[in-house]
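The values are calculated or read from the model by the stated rules, or taken from the named source; none is laboratory data. On a predicted model such as this, the values are computed, not experimentally measured, just so you know. Cβ atoms come from the backbone with ideal geometry, glycine included; neighbour counts cover every protein chain shown. With ligands, DNA and RNA removed, areas are computed over all heavy atoms of the protein, side chains included. Shrake-Rupley method; radii C 1.70, N 1.55, O 1.52, S 1.80 Å.
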Amino acid sequence: MEMSLRAKVAIVSGSSSGIGAAIVRELSSRGANTVVNYPFPSLQAEADALVASLHSPAIAVEADMSRADAPQKLVDAAVSQWGRIDIVVNSVALAVNKRFEEQTLEDWDLLVNINGRGTFLLTQASLKHLTKGSGRIVNIASISARGPPPNQTIYAGTKGMVDSFTKCWAKELPPKYGCTVNAVSPGPTMTEGFAGAGKEQMKILQPIIDQTPVGPRMAQPDEIAYAVAFLCEDRARWINGAHLIASGACSLISAFENPSCLALITFSYPHS
């Protein structure tokens with residue numbers, strides 16, 4: 001593959017597994033230096049193994065994105081290692097699927113802090129180090145942001161927040177920082193978290209997956225990662241404020257009105 005992102009410095013939050021890890025692999029394959037983020041000491045071996053497998057230099061940084069100080073840790077690590085930041089991918093997220101009446105204040109705090117505040121603070125902390133004229137900010141939203149299914153009140157709300165961040169920042173930040181700001185919304189994706197949903201959950205989801213126009217399957221994480229990397233390329237410099245839906249057109253079918261569609265997209269962010 002052409003090393004089109006050679007020596008670019010990329011922070012990818014929530015990236016020791018799942019879609020985040022696939023994004024790291026894709027950016028690295030194009031030459032980018034990457035910061036791999038894992039939340040807890042118990043996941044260090046997983047993150048270190050990912051770093052060891054990459055084509056380009058990378059570092060693994062422990063930072064629990066449910067904590068307010070975690071985004072700054074990622075930024076400090078990138079700047080200490082490479083002196084700048086070129087790409088920020090806000091990949092970290094957690095989903096809780098419960099009936100509205102059962103969702104708790106603890107669920108609210110956890111999801112809002114990780115999915116919303118984490119994206120807000122990481123982007124904000126990165127700005128003064130972002131390479132002016134070629135910086136890239138890519139937010140991972142979800143098809144649940146614009147077509148929320150039942151049982152995802154908080155998750156869908158936080159992804160709606162990320163969607164709105166993208167639109168706001170795409171107007172506000174490029175004139176000052178010379179960057180672009182875009183979002184990628186995956187549909188059902190075969191991540192470690194999704195695989196652990198269990199047979200009963202998959203029995204519910206399979207009829208929805210079977211209706212996906214491009215093919216009756218879930219996405220592979222690398223297919224989402226390709227969409228992210230495309231937006232990070234120099235030749236994507238005129239793409240700003242875009243919301244790229246990577247769902248095989250699953251988002252166009254009527255499944256979102258079906259109560260069986262409970263958890264179409266769940267990003268794996270381990271929480272202790």
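Annotations for the structure displayed:
- With the simple model of a label 7 Å out from the Cα in the direction of the Cβ, Met3 to Glu106 spans 4.9 nm.
- Gain on full extension, evaluated as 0.36 nm per residue between Phe120 and Ala52 minus their Cα-Cα distance, stands at 21.5 nm.
- Selected from Leu105, Gln211, Leu27, residue furthest toward positive end of dipole (segment 9-249; charges at beta carbon): Leu27
- Inter-centroid distance (Cα atoms) of segment 72-95 relative to segment 100-157, Å: 15 Å
- Surface accessible to a 1.4 Å probe, per residue, for the residues of segment 9-249, Å²: 41 Å²
- Computed over segment 9-249, the alpha-carbon pair-distance distribution with 10 angstrom bins reads 8, 33, 38, 18, 3, each value a whole percent.
- Spin-label model, Glu233/Lys128: points 7 Å from Cα along the beta carbon direction are separated by 3.4 nm.
- HN-Hα J in Hz across segment 158-166 - Karplus 6.51, -1.76, 1.60, θ = phi - 60°, x for Gly and Pro: 5, 6, x, 4, 4, 4, 5, 3, 4
- Added length on full extension, which subtracts the Cα-Cα distance from 0.36 nm per residue, Lys167 to Arg67: 33.5 nm
- Taking the average, over residues, of other Cβ atoms within 10 Å as the packing measure, peptides 86-95, 155-164 rank 86-95, 155-164 from highest down.
- The packing ranking, built from the mean of other Cβ atoms within 10 Å per residue, places the peptides 174-183, 234-243, 48-57 in the order 174-183, 48-57, 234-243, highest first.
- When the C-alpha to C-alpha distance is required to be over 19 Å, the pairs from Lys73/Lys159; Lys128/Lys176; Lys8/Lys159; Lys128/Lys159; Lys73/Lys167 that qualify are Lys73/Lys159; Lys8/Lys159; Lys128/Lys159; Lys73/Lys167.
- Look at the Cα gyration tensor of segment 112-151: its axes a ≥ b ≥ c give a/c of at least 1.5 with a/b at or below b/c, and that counts as oblate.
- A crude spin-label estimate for the pair Asp76 and Ser42, with each label 7 Å from Cα along the Cβ direction, gives 2.6 nm.
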